[in-house]
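Okay, structure first, notes after.
The values are calculated or read from the model by the stated rules, or taken from the named source; none is laboratory data. Quantities reported herein were computed from a predicted structural model and do not represent experimental measurements. Reconstructed Cβ throughout: ideal geometry from the backbone, glycine too, with neighbour counts over all protein chains shown. Keep in mind that these areas ignore ligands, DNA and RNA; they rest on the heavy atoms of the full protein, side chains included. Shrake-Rupley method; radii C 1.70, N 1.55, O 1.52, S 1.80 Å.
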Amino acid sequence: MHSLIPLLRPDRRQPLHLPVHGRGRALPPALKRLLRQAPGSWDLPELPEIGGPLESEGAVAESQAQLASLLGVAGCWFGVNGATGLLQAALSALAGPGQAVLLPRNAHRSLIAACVMGGIRPVFLPVPFLSDRGHPGAMSEPCLEQALMALPSIPEAIVAAVLVHPTYHGYASDPTPLIAALHRRGLPVLVDEAHGTHFAFSGGEDLPRSSLHAGADLIVHSLHKSAPGLGQTAVLWLQGMRVSSEAVQASLLRFQTSSPSALLLASCEATLHWMLTSSWERLLQRRLKEAHQIAARLRAAGLPLRSSDDPLRLILVTAEQGMSGLDADAWFMQRGLIAELPEPLCLTFCFGLASQRGLAQRMQQLWRRLQLSQPRSEPLEPLLVPPLETSSTPELLPALAVRAPACELSLQDSGGRIAAEMICPYPPGIPLLIPGERIESDRLEWLLNQHQRWPELVPGKVKVLAEEPQVQLG
């Protein structure tokens, strides 16, 4: 049995995973100084001089107002339940029972949970699927326009839309035309930019455009997935006139803890203020340059890499060498190299914001050793393309499906039934199936293929409705 405390102590393994501060090496200087103080001195309640994200007075309120002014937006709220809590609160501010929202098929599971809690109907928009590496790519403007022309007929009014920019793997397209297309339909737009916070603070570096600068109404940034803050920190930005600050405040009050961690709030403040300085710009420039150099050396050495729009992500397609990303991950981890995301066909590394000096040589050596340790085999077959090429919506509202009488069946025997639970490997936290969706034959074949390739994370059993619902969509 493992104890948690020893696992949190420093070790010699190289972290190529989140949080991006690299086990503290790239934390904001002000936060490093704070953490050197007497242990626990920063563990404080919402004292009057500190306040909280929803208080009108105190240091937190002043800091949020100052940052909103510096960024030129209408509102700023710190979050201490990660991007998850802020995404759920933001979606709840946009829609409620008897309404529907547009979600990309690669939306995070936290947004599906918000639909369940709020009685909201999700209407899914298709996203490209990269079968050679087995995961979704970035939505394009033509893809969105085509999906908007073929929305399913539903009884609820669609009142808002969500975009994911960039994806977990760093794929991104310019969000400006996508946001404009949704605005033309009268829809406010929430963007899950958890993996692209550095886009908004890039200082002109060669990175994709942030949705903060592309006209989105609500933007959620993680401050540990793509910024150098502590885990579980995030920020929500509001701009424009389509969403009221009062609606956001009221929703945050429903989702936000009444006892926020003063340390995590301080991390939010220190991280965002540091990312507005020239020292941050210099750090980011160094990390991007280093990332480009590492990727170039590894490609020249013959490693099977795929490009991402974020240089700080490195995608190694292990399938080309006949091995699963999950098996490769276990092998690398035993030798002190910890990746961020193993998948059936590939392994994604996150360079983060700490220096990775010597990494290119180390990865080359480990890759050669891994090849020598494995019997020669043919490349793995690409994953089946999911049968999700068109806009769709669950046959039964997720809020109803999770509360209906259910039974558990083997995945093989679940064909034709309505799901009562979510199948969602984490990471990356993108649902393969959500409550209320019917498991048609093509969907079943795809899920079985996923289970065969990903047995550790895609279960062989699933909860389905015990009986057919009395009222179905139609």
Can you report the number of residues in segment 442-460 which are assigned to a helix (DSSP H, G or I), in contact with a helix residue (DSSP H, G or I) (Cβ under 7 Å, 6 or more places away or on another chain) and open to solvent by 10 Å² or more (accessible area, probe 1.4 Å)? 2
Which residue out of 238, 265, 212 is within 19 Å of the chain's Cα centre (by Cα) and not β-branched (Val, Ile, Thr)? 212
Criterion first (in contact (Cβ under 8 Å) with a residue 60 or more places away in the chain, open to solvent by 10 Å² or more (accessible area, probe 1.4 Å) and over 24 Å from residue 285 (Cα atoms)) does residue 345 satisfy it? no
Would you mind stating whether residue 208 is closer than 19 Å to residue 173 by Cα, in contact with a Phe, Trp or Tyr (Cβ under 9 Å, 6 or more places away or on another chain), assigned to a loop (DSSP other than H, G, I, E, B) and at pLDDT 95 or above? yes
Kindly indicate whether residue 95 is at pLDDT 95 or above, buried (at least 16 other Cβ atoms within 10 Å of the Cβ), within 17 Å of the chain's Cα centre (by Cα) and among the small types (Gly, Ala, Ser). no
Checked against (1) out of contact with any strand residue (DSSP E or B) (no Cβ under 7 Å at 6 or more places or on another chain); (2) free of Cβ contacts under 8 Å to residues at least 60 places away in the same chain; (3) among the charged types (D, E, K, R), residue 408 satisfies every condition except (1)
Does any residue of segment 421-441 turn out to be surrounded by 15 or more Cβ atoms within 10 Å (Cβ to Cβ) and among the polar types (S, T, N, Q)? no
Identify, please: which residue in segment 281-291 is over 23 Å from the mean Cα position of the chain (by Cα) and not charged (D, E, K, R) and is, among those, farthest from residue 315 (Cα to Cα)? 283
Kindly list the number of the only condition in (1) open to solvent by less than 30 Å² (accessible area, probe 1.4 Å); (2) modelled with pLDDT of 95 or more; (3) assigned to a loop (DSSP other than H, G, I, E, B) that fails for residue 363. (3)
Residue check for residue 409: open to solvent by 10 Å² or more (accessible area, probe 1.4 Å), among the hydrophobic types (A, V, I, L, M, F, W, C) and at pLDDT 95 or above: yes
So residue 369 clears everything in (1) open to solvent by 70 Å² or more (accessible area, probe 1.4 Å); (2) in a loop (DSSP other than H, G, I, E, B); (3) not aromatic (Phe, Trp, Tyr) except one condition, right? Which one? (2)
Considering only residues that are in contact (Cβ under 8 Å) with a residue 12 or more places away in the chain and within 20 Å of the chain's Cα centre (by Cα), which ones fall in segment 303-325? 306, 308, 309, 310, 311, 312, 313, 314, 315, 316, 325
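Out of 133, 105, 109, 121, report the one residue that is of a type in the set (D, E, K, R) and under 22 Å from residue 252 (Cβ atoms).
109 is the lone residue from the list that is of a type in the set (D, E, K, R) and under 22 Å from residue 252 (Cβ atoms).
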In segment 109-120, residue most open to solvent (accessible area, probe 1.4 Å) [restricted to those that are among the β-branched types (Val, Ile, Thr) and assigned to a helix (DSSP H, G or I)]: 116
Quickly run through segment 1-46 and pick out the residues that are part of a loop (DSSP other than H, G, I, E, B), of a type in the set (A, V, I, L, M) and open to solvent by 60 Å² or more (accessible area, probe 1.4 Å). 1, 8, 38, 44
Name the pairs: first residue in segment 225-244 and over 17 Å from residue 80 (Cβ atoms), second residue among the β-branched types (Val, Ile, Thr) and crowded, with 19+ Cβ neighbours inside 10 Å, Cβ to Cβ under 7 Å, at least 6 apart or on different chains? 226/20; 226/197; 238/248
Just checking, which of 172, 138, 147, 161 is under 22 Å from residue 98 (Cβ atoms) and not polar (S, T, N, Q)? 161
What are the residue pairs meeting all of these: first residue in segment 411-424, first residue under 22 Å from residue 106 (Cβ atoms) and acidic (Asp, Glu), second residue open to solvent by less than 10 Å² (accessible area, probe 1.4 Å) and outside any helix (DSSP H, G or I), Cβ atoms under 8 Å, and 6 or more apart or on different chains? 421/435; 421/462
If you take the residues in segment 98-108 that are farther than 18 Å from residue 139 by Cβ and in contact (Cβ under 8 Å) with a residue 60 or more places away in the chain, which one is least open to solvent (accessible area, probe 1.4 Å)? 100
Unique match (being on the phi > 0 side of the Ramachandran plot, in contact (Cβ under 8 Å) with a residue 12 or more places away in the chain and not hydrophobic (A, V, I, L, M, F, W, C)) among 352, 358: 352
So which residues in segment 372-395 are out of contact with any Leu (no Cβ under 7 Å at 6 or more places or on another chain), surrounded by 15 or more Cβ atoms within 10 Å (Cβ to Cβ) and of a type in the set (A, V, I, L, M)? 384, 388
